[in-house]
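**Student:** The structure follows.
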Amino acid sequence: MRVPILLVTGFLGAGKTSFINDILKDSDGMRIAAIVNDFGSINIDAALLETATEDVIGLKNGCICCSLQGDLLRTLRQVLRESAPDLIVIEASGIADPQGIVSGLMDPVLWQAVTLDTILCLADAEDLLATPDRWKDALWQAQIASADIVQLSKVPRGDDRVASLTARLGAMGKAAVFGQDGSTLAVRDLIGRGTTRTANAARPVIDSGRFTTLEWSYKGAVSMPRFQRIIGTLSGELLRAKGFLTFREKPGESVLFQLVGRRASLAPAAREQEGCTLVLIGEANRFDPEAVRRRLDQELVLSDH
């Protein structure tokens, strides 16, 4: 019997990792293997954690979480060799057209062991209400159009506009829309909602070349006020930023940094991380990674030496 795959897609910052994290915590007795892009952001309760290595988290409920290292098909084959899960959950990149993964999963050899059961798209309600241009975005439209289920996230309470937003999403295609009341579907309710997919139905993949990414790291601690000042001036250029930081003002503590649009947060990290690692993503015509790298080096590193 082939193992079903749940593909979780959605634009930058929609809440994909948090959604998968919740599935792993409340697996309803299913053995789930999750393949995620941002391994460090998975926040597993200590009571549920059984083992943890650089690439794999093992949970006492029989679930595992793997970081995507290189090729997705290779990672899938490794998961299938090491265990026989009841469900495989794959997190798509927020700047990727899910059609690329759908096409990859049509691999004839892999198709004998797995089946792409359901595609779920996370839709950030706050972002859609605040950013009218998002509805015109071809990549976002492709993510919604690929979905069997649209799950609303970050739904503002008491906002009368959520009902019309839900109706507008429902009118975009075949996907059923859930979560307008802030709820999420149970994991077993996510399975069996997909349509039959064939390689012949594949469409061209939307190129993600309009985005550019900066990965920055530093082995030491940095100044919190300087970091906040830099991010404040860069927020207009960034679509998404995330990473782990160690601040001189909080020795011995690791902090998880998240930014979506102009919404930013700092929170204690689930596990201790050494130094600082950041990923910044923006539109190529507005965000200059190398200029920002120089600024981070100058203002956070060199200025302290």
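**Student:** Go over the candidates Ala199, Ala269, Ala221, Ala241 one by one and state the one that is open to solvent by less than 50 Å² (accessible area, probe 1.4 Å) and at pLDDT below 90.
**Tutor:** Ala269
**Student:** Can you name the condition, by its number, that Gly209 falls short on among (1) touching a strand residue (DSSP E or B) at 6+ places or on another chain (Cβ under 8 Å); (2) closer than 20 Å to Leu139 by Cα; (3) open to solvent by 30 Å² or more (accessible area, probe 1.4 Å)?
**Tutor:** Looking at each condition in turn, Gly209 falls short on (1).
**Student:** Give the residue, chosen from Ala291, Ala186, that is closer than 23 Å to Thr17 by Cβ, out of contact with any strand residue (DSSP E or B) (no Cβ under 8 Å at 6 or more places or on another chain), of a type outside the set (D, E, K, R) and open to solvent by less than 70 Å² (accessible area, probe 1.4 Å).
**Tutor:** Ala186
**Student:** Restricting to region 140-170, count the residues that are part of a helix (DSSP H, G or I) and within 25 Å of Thr115 (Cα to Cα).
**Tutor:** Residues flagged as part of a helix (DSSP H, G or I) and within 25 Å of Thr115 (Cα to Cα) within region 140-170 amount to 7.
**Student:** Would you point out which residue out of Gly100, Gly173 is under 22 Å from Ile206 (Cα atoms), open to solvent by 30 Å² or more (accessible area, probe 1.4 Å) and not in a loop (DSSP other than H, G, I, E, B)?
**Tutor:** Every option except Gly100 fails the conditions.
**Student:** Check region 124-139 and report whether any residue there is outside any helix (DSSP H, G or I), in contact with a strand residue (DSSP E or B) (Cβ under 8 Å, 6 or more places away or on another chain), in contact (Cβ under 8 Å) with a residue 24 or more places away in the chain and surrounded by 13 or more Cβ atoms within 10 Å (Cβ to Cβ).
**Tutor:** Checked region 124-139: at least one residue is outside any helix (DSSP H, G or I), in contact with a strand residue (DSSP E or B) (Cβ under 8 Å, 6 or more places away or on another chain), in contact (Cβ under 8 Å) with a residue 24 or more places away in the chain and surrounded by 13 or more Cβ atoms within 10 Å (Cβ to Cβ).
**Student:** Being more than 13 Å from Trp216 (Cβ to Cβ) and surrounded by fewer than 11 Cβ atoms within 10 Å (Cβ to Cβ): is that true of Leu302 here?
**Tutor:** Yes, satisfied.
**Student:** I would also like to ask the following. Select from region 9-29 the residues that are assigned to a helix (DSSP H, G or I), open to solvent by less than 20 Å² (accessible area, probe 1.4 Å) and either in contact (Cβ under 8 Å) with a residue 24 or more places away in the chain or in contact with a strand residue (DSSP E or B) (Cβ under 7 Å, 6 or more places away or on another chain) (or both) and list them in ascending order.
**Tutor:** Result: Lys16, Phe19, Ile20, Ile23, Leu24.
**Student:** For region 152-163, check the following and say yes or no: at least one residue is in contact (Cβ under 8 Å) with a residue 60 or more places away in the chain, touching a Ser or Thr at 6+ places or on another chain (Cβ under 7 Å) and either under 26 Å from Asp26 (Cβ atoms) or of a type in the set (Lys, Arg) (or both).
**Tutor:** No, because not a single residue in region 152-163 is in contact (Cβ under 8 Å) with a residue 60 or more places away in the chain, touching a Ser or Thr at 6+ places or on another chain (Cβ under 7 Å) and either under 26 Å from Asp26 (Cβ atoms) or of a type in the set (Lys, Arg) (or both).
**Student:** Limited to region 202-252, what total is found for residues that are within 19 Å of Ile281 (Cβ to Cβ), of a type in the set (Gly, Ala, Ser) and not in a helix (DSSP H, G or I)?
**Tutor:** So the count comes out to 7.
The values are calculated or read from the model by the stated rules, or taken from the named source; none is laboratory data. Computed from a predicted model, the values in this text were never measured in an experiment. Methodologically, a virtual Cβ is constructed for each residue, glycine included, from the backbone with ideal geometry; neighbour enumeration extends over all protein chains shown. The area values use the complete protein model at the heavy-atom level, side chains included, leaving out ligands, DNA and RNA. Shrake-Rupley method; radii C 1.70, N 1.55, O 1.52, S 1.80 Å.
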